[in-house]
Amino acid sequence: MNTYDILVLGPPGPDRAALEATFRRLGHAVTAPDPGAATDGSSGRYDLVVVDVRSADGPAFASATADDAAAPPVLVVADRPSRLAPALAGRPALVVTGAETDRGYQLALRLCAALGSRVAVAGPLPA
């Protein structure tokens with residue numbers, strides 16, 4: 001099983017705390033900024049940035065994530081994902097919504113990490 005170093009952003013409260021606890025229970029290293037601390041996830045020390053916008057202004061949090069080619073991919077947990085599309089344009093990002101399960105989060109984390117992988121193809125593809 002892959003484990004990741006995850007930065008969790010979003011307003012402090014029970015939703016974000018439950019999300020952090022879930023990721024820790026699944027074996028991931030989780031960092032959450034102190035309230036009021038400015039961070040955009042651009043540090044190379046995280047594999048993924050998870051942005052919880054279920055109880056916040058989604059576009060404001062999504063645009064706070066670094067717009068940098070070296071920045072980790074973003075997993076957004078949202079109630080209304082359609083509002084996020086403009087803020088995430090051009091970023092390796094995955095938006096999830098609906099009933100949360102451990103298996104669902106594990107799959108979403110793996111897919112999001114894969115979005116951040118750079119795949120090089122050497123030569124032509126086989127016919």
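The numbers here are math on the coordinates, done by the rules we state, and not lab data. Computed from a predicted model, the values in this text were never measured in an experiment. All Cβ positions, glycine included, derive from the backbone under ideal geometry; neighbour counts span all protein chains shown.
Results, tabulated for the structure shown:
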read-out: Distant-in-sequence amide H partners of Val95 (H built 1.01 Å from N, under 5 Å); value: Val76
read-out: Estimated distance in nm for a label pair at Leu111 and Thr31, the labels positioned 7 Å out from Cα along Cα-to-Cβ; value: 2.6
read-out: Amide H within-cut-off set for Leu9, under 5 Å, with H built and near neighbours excluded; value: Val50, Val51, Asp52
